[in-house]
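Since the structure comes first, as structure tokens, the remarks are kept for the end.
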Amino acid sequence: MTTVQPAPESACSPVTGDAIRLIILEQSYRARVGHIGSALSVADLIAACFDGGLNLTSPADPNRDLLVMSKGHAALALYAAFRMREWIDDETLSTYCCDGSLLGVHPDHRLPGVDFSTGSLGQGLSIGVGTALAARLTESSRRVAVLMSDAECNEGSVWEAAAFAAQHRLSQLRVIIDSNGQQALGYTSEVLEPTPLAARFDAFGWDVRLVDGHDRDAIVDALRLPAAKPAAIVAKTTFGSGVSFMEQSIPWHYLPMTAEQFLLAVLEVTK
């Protein structure tokens, strides 16, 4: 079993979506694993959380905001941000998907900075709601953000949690919905598309904010804007964003890259 210690604190580079994308490509290619398109989709959302949208100072800070990665299969984007914030080092990052590593396809709460193990889709919002309620009861000022996918909104547990959050006006709760219109086996519109998500969350009593999910400043503003009730940030994104041959292509939910595809993808995100 690998025990991971946070890297020493030092000056860190800004967390950017393209830098996250490069790490996603490098590590997924090295590990020969998929879920690349899903991770690329949330790169700018994760960057905004770590670079101004949330108070994510150090994994050891007991008062920092909490980020629940409900879309657990995109965890590589989260690990990339950890590396850029120097919460982990290069050696730890290079263990992604290796035997005994705490950096799996889905996040593990034993890794410093990961507060909840996730990946069973539809459960993250319930975790976030409970955590936001706990923050209120303990008079903590921390905010709780849940990053989830639009396909997760097919799960009934999401709407039970949404109703509870609105009933109790959990104003410290932010839900970021990666609205890329795709899921494992098809396009959301063809599988089971919820009523337009903004209208549905509004009907459930949430403060709804629509943003371009690849516009860092708009995402940061949406996260930081105060609210008197829970806020749902519906972020329109492109699956596989940044790599043209992956964009809006269902197979890249699972496929690993060939050497040629890897080189082409790196050229696109670094140009």
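Among bridges DSSP assigns within the chain, what percent are antiparallel (round to 5)?
10
Counting other C-beta atoms within 10 Å, and keeping those with at most 13, which DSSP coil GluC sites (Glu not before Pro) do you find in the range 228-271?
none
What number, in percent, do you get for the relative contact order of the chain if the mean sequence gap of Cα pairs under 8 Å and at least 6 apart is divided by its residue count?
On the way: 557 pairs, mean separation 66.3, N = 271.
The normalised contact order for the chain reaches 24 percent.
Say R0 is 30 Å: what FRET efficiency, to the nearest 0.05, do residue 30 and residue 109 get from their beta-carbon distance?
In this case the efficiency is close to 0.80.
Per residue, what accessible area does the range 143-271 have, given a 1.4 Å probe and all protein chains present, in Å²?
Details: 5910 Å² over 129 residues.
Per residue, the range 143-271 has 46 Å² of solvent-accessible surface.
How large is ³J(HN,Hα) for each residue in the range 160-168, as worked out from phi by the Karplus curve 6.51 cos²θ - 1.76 cosθ + 1.60 (θ = phi - 60°), to whole Hz, x for Gly and Pro?
5, 5, 5, 5, 5, 4, 5, 4, 9
With a cut-off of at most 12 other beta carbons within 10 Å, and DSSP calling the residue loop, which trypsin sites (Lys or Arg not before Pro) in the range 81-148 qualify? Please list them.
Numbers: sites: 83, 85, 110, 136, 142, 143; in loops: 85, 110, 142, 143.
Answer by residue number: 110.
Which Cα, out of 186, 124, 101, lies furthest along the positive dipole direction of the chain (beta carbon charges, K/R +1, D/E -1)?
Value computed over the given set: 124.
Ignoring everything except DSSP H segments at least 4 long, calculate the 222 nm mean residue ellipticity for the chain; use -39,500 (n - 2.57) per segment, divide by total residues, nearest 500.
So the helix-based figure for the chain works out to -10500 deg cm²/dmol.
What ranking do 60-69, 171-180, 19-28 get when scored by the average of other Cβ atoms within 10 Å per residue, highest first?
Highest mean packing first, the order is 171-180, 19-28, 60-69.
Through the Karplus equation 6.51 cos²θ - 1.76 cosθ + 1.60, θ set to phi - 60°, convert the phi angles of the range 104-117 into ³J(HN,Hα) values in whole Hz; use x for Gly and Pro.
So the Karplus estimates, Gly and Pro as x, are x, 4, 10, x, 10, 5, 6, 7, x, x, 9, 8, 9, 6 Hz.
What is the percent carbon and sulfur in the accessible area of the chain, measuring with a 1.4 Å probe over the protein chains and ignoring ligands?
Numbers: 5990 of 11410 Å².
Its accessible area is 53 percent carbon and sulfur atoms.
Could you tell me the accessible area of residue 84 in Å² (1.4 Å probe, neighbours in place), rounded to the nearest ten?
Accessible area, nearest 10 Å²: 30 Å².
The values are calculated or read from the model by the stated rules, or taken from the named source; none is laboratory data. What you are looking at is a predicted structure, and each value in this text was computed from that prediction instead of being measured. Virtual Cβ from ideal backbone geometry, glycine too; neighbours counted across all protein chains shown. Accessible surface areas use protein heavy atoms only, side chains included; no ligands, DNA or RNA. Shrake-Rupley method; radii C 1.70, N 1.55, O 1.52, S 1.80 Å.
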